[in-house]
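Contents: one structure, followed by commentary.
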Amino acid sequence: MALEKMSGGGSTGIAFLVSAGIVYEIIAAACSSPQTTEINAATRSETLMKWVNLGIAQAALFVAAAALFDRTHRAAILTGGAAAAGLMYWQYDHAKRSGLANAHLPGTES
C-alpha cells in the first residue's frame, strides 16, 4: 500500500487518515455543509458556530481516545485530528462570513 511505503512504519499514514477522517465525519454529522452554511448564513449564523464547536469538541474526544489507545501512532493521530479540525473550522467560519457579507443573495430557507 502506498501509505505504508510513505510512512515507513507501516500504519502511521493510515492512523493519520483515520484521525482526520473521524473529525470530518463527526462535524458533518453535527452540521450542514459549508456550502449550505454560506447560502443560508443570514438565517443560520447565530447557531452555526455553536454546532461547529460542539462537533470539534466531540471529535477531539475521539481523537484523544485513539491517541491514548494507540500510543505508537499518537503523533499521527493527533496531527491528523488537529489538521482536520483546523481546516473544517476555517471552512465553516469562511462560509459564515462570506454568507453574511452576501446576505442579499437568496438562500434556501426563509
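Readers should treat all values here as calculations from the given coordinates under stated rules, not as data from a laboratory. This one's a predicted model, so the numbers in the text were calculated from it and none came from an experiment. Note that we place each Cβ from the backbone using ideal geometry, even for glycine, and neighbour counts take in every protein chain shown.
Looking at the range 50-64, which of the residues that are over 9 Å from the mean Cα position of the chain (by Cα) and not small (G, A, S) is surrounded by the most Cβ atoms within 10 Å (Cβ to Cβ)? Top of the filtered list is V63. Only residues that are part of a helix (DSSP H, G or I) and either free of Cβ contacts under 8 Å to residues at least 40 places away in the same chain or surrounded by fewer than 16 Cβ atoms within 10 Å (Cβ to Cβ) (or both) were counted in the range 25-40, giving 6.
So, T72, is that one within 17 Å of L17 (Cβ to Cβ), over 12 Å from the mean Cα position of the chain (by Cα) and part of a helix (DSSP H, G or I) or not? In short, yes.
Within the range 65-103, restricting attention to residues that are of a type in the set (S, T, N, Q) and in contact with a helix residue (DSSP H, G or I) (Cβ under 7 Å, 6 or more places away or on another chain), which residue is surrounded by the fewest Cβ atoms within 10 Å (Cβ to Cβ)? Among those that are of a type in the set (S, T, N, Q) and in contact with a helix residue (DSSP H, G or I) (Cβ under 7 Å, 6 or more places away or on another chain), it is S98. The single residue among T12, T43, T47 that is surrounded by 14 or more Cβ atoms within 10 Å (Cβ to Cβ), within 21 Å of the chain's Cα centre (by Cα) and of a type in the set (S, T, Y) turns out to be T12.
Beta carbons closer than 6 Å, at least 6 apart along the sequence or on distinct chains, pair a first residue in the range 48-63 that is on the phi < 0 side of the Ramachandran plot and aromatic (F, W, Y) with a second that is crowded, with 16+ Cβ neighbours inside 10 Å and outside any helix (DSSP H, G or I) for W51/C31. Within the range 17-56, the residues that satisfy the criterion of being farther than 19 Å from A84 by Cα and not β-branched (V, I, T) are E38, N40, A41, A42, R44, S45, E46.
Of A67, A59, A85, all but one fail to be in a helix (DSSP H, G or I) and over 25 Å from N40 (Cα atoms); the exception is A67.
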